[in-house]
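Each remark here refers to the structure printed beneath this line.
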Amino acid sequence: MSLLKRLGKEELIENQPKKQSSPLLYNRKVVGDQLESKLHNFLVEEMKKIENLPSDAYEPLIEQKAEDFFRQEGKTLSFEDKQIVLKQAKNELLGFGPITSLLGDEMVTEVMVNGPHDVYVEKEGKIERTDVSFRDNDHIVRLIEKIVHPLGRRIDESSPMVDARLPDGSRVNAIIPPLSLQGPTITIRKFSERPFTIQDFLNFNTLSPEMAEFIEKCVKSKLNIFISGGTGSGKTSTLNVLSSFIPDDERIITIEDAAELKLSQDHVVSLEARPANLEGEGAITIRDLVKNSLRMRPDRIIIGEVRSAEALDMLQAMNTGHEGSLGTGHANSPRDLLARLETMVLMAGFELPIRAIREQIAGALDLIVHQERLKNGKRKVTHITEVLGLEGDTIVLQDIFKYNERRVLDENSRGKGRFETTGIRPYCADRLEMEGFTIPASWYLKEWE
């Protein structure tokens, strides 16, 4: 066959319309989406006619009104199809649209919407794609607005990024075009409805029983503790667990960008930062809240995440009698956390000498708890490190506990490791003993698988 004939044949093949893989399923989905949209609009109008309806009465009323709708619009639908359309409508009105089922799945720890047709989840530390989809970009934007509107926040072209939270405390970040090129994007970090306890961490093998007991004694003895780790390493969950050790008779002030902490104590005051309004005014930063919290007679100050100039105010609070403060910060190691704190203090705008900053850090921090997410998706407390003070121009650190990950793979091709001690008696041991706690010498003479 000649080259021209071959080219002509290939061009003919390329110009032929591509076949749909399953046109029947595709058409059925389109019809279902259109019907669900009509049902949604119908139910919204019906709900507007009723005032002061109790929250537990919405679902029965929706089902009743949906039956009226199907008598007119859904005569050709089977019972199963009607239930599917009704479920989709109920998710839109009472839940969070197509991702409602994902948020209800206890195995899912993160939901990632990358445009209408790309929805991913994280399960057991691994990311996998789902068959969930949205109708279009506007469908996602409506969901974002539903999440942020009750919190007094907004998302539009003038403010295309927003941080928010769900009613259960799960963290939400959303970003829309023109900043997101593939369409509106939502990232939801789920938190358990029941906050994790130290027993959960022991069951997950996140740390050893001896490490858990040591941290508990340090929190109760009012040591200033920072939790460090990378993104997704579980810092907020660990902060929740450490906060649970605070006695009930202490006044706790929590400060966060988006309120996520769930403390079990009675005397808790939760503060949340606020973004600027349409005119660019009215913003309340974490730093503003830290300064204000010092006037609120706190026994403990807990900052969800230190990421900017508020580091200076936090360190000053720790150095002026506000002992037992807790916070988290992004870092790849305990030593890296100190370097990040130096940088964040400089962001406050004061030209402080590096030595003065390091003196503040060394005098404020007592303990660093470092957490990592390993390659197999498991989260481990890899270091419990003491801050001993300043020697010359260097802050001296001392590891008390470590997680040593072996390179040998087990039968499940997952790396094995063990918790171990450095065999060093903690510098803070005298302080713990003054508070009535003892530290068994046996802790520093063995390793734990």
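The values are calculated or read from the model by the stated rules, or taken from the named source; none is laboratory data. Predicted model only: the values in this text are computed from it and were never measured. Glycine also receives a Cβ, built like all others from the backbone with ideal geometry; neighbour counts cover every protein chain displayed.
Yes or no: Val369 within 22 Å of the chain's Cα centre (by Cα) and modelled with pLDDT of 95 or more? Yes.
Tell me, yes or no, whether the stretch 135-143 has at least one residue that is within 17 Å of the chain's Cα centre (by Cα) and either in a loop (DSSP other than H, G, I, E, B) or over 26 Å from Gly377 (Cα atoms) (or both). No, every residue in the stretch 135-143 fails to be within 17 Å of the chain's Cα centre (by Cα) and either in a loop (DSSP other than H, G, I, E, B) or over 26 Å from Gly377 (Cα atoms) (or both). Counting only residues that are crowded, with 20+ Cβ neighbours inside 10 Å and without any contact (Cβ under 8 Å) to a residue 40 or more places away in the chain, the stretch 318-340 holds 1 of them.
Can you tell me how many residues in the stretch 77-123 are assigned to a helix (DSSP H, G or I), in contact (Cβ under 8 Å) with a residue 24 or more places away in the chain and within 25 Å of the chain's Cα centre (by Cα)?
Residues of the stretch 77-123 assigned to a helix (DSSP H, G or I): 79-94, 97-104.
From what is left, the residues that are in contact (Cβ under 8 Å) with a residue 24 or more places away in the chain are 81, 84-86, 88-90, 92-94, 97-99, 101-103.
Applying the additional criterion that residues be within 25 Å of the chain's Cα centre (by Cα) yields 92-94, 97-99, 101-103.
The qualifying residues number 9.
Scanning the stretch 144-175 for residues that are among the aliphatic types (A, V, I, L, M), surrounded by 18 or more Cβ atoms within 10 Å (Cβ to Cβ) and in a strand (DSSP E or B) yields Val162, Ala164, Val172, Ala174.
Check Leu263, Leu207, Leu278 and return the single one that is modelled with pLDDT under 95, in contact with a strand residue (DSSP E or B) (Cβ under 9 Å, 6 or more places away or on another chain), within 29 Å of Pro298 (Cα to Cα) and in a loop (DSSP other than H, G, I, E, B). Break it down stepwise before answering.
On the way: Leu207 fails: within 29 Å of Pro298 (Cα to Cα); Leu278 fails: within 29 Å of Pro298 (Cα to Cα).
Only one candidate passes the filter, namely Leu263.
If you check Lys48, Lys65 for being more than 20 Å from Asp138 (Cα to Cα), surrounded by 15 or more Cβ atoms within 10 Å (Cβ to Cβ) and at pLDDT 55 or above, only one passes: Lys65.
For the stretch 231-247, the candidate set comprises residues that are more than 12 Å from the chain's Cα centre (by Cα) and in a loop (DSSP other than H, G, I, E, B); within that set, the residue that is farthest from Glu435 (Cα to Cα) is Ser244. Of the residues screened, Leu388 is one that is over 26 Å from the mean Cα position of the chain (by Cα) and either farther than 30 Å from Asp266 by Cα or not acidic (Asp, Glu) (or both). Looking at this structure, is Ser293 of a type in the set (Gly, Ala, Ser), touching a residue at least 40 places away in the same chain (Cβ under 8 Å), touching a helix residue (DSSP H, G or I) at 6+ places or on another chain (Cβ under 7 Å) and buried (at least 17 other Cβ atoms within 10 Å of the Cβ)? No, not satisfied.
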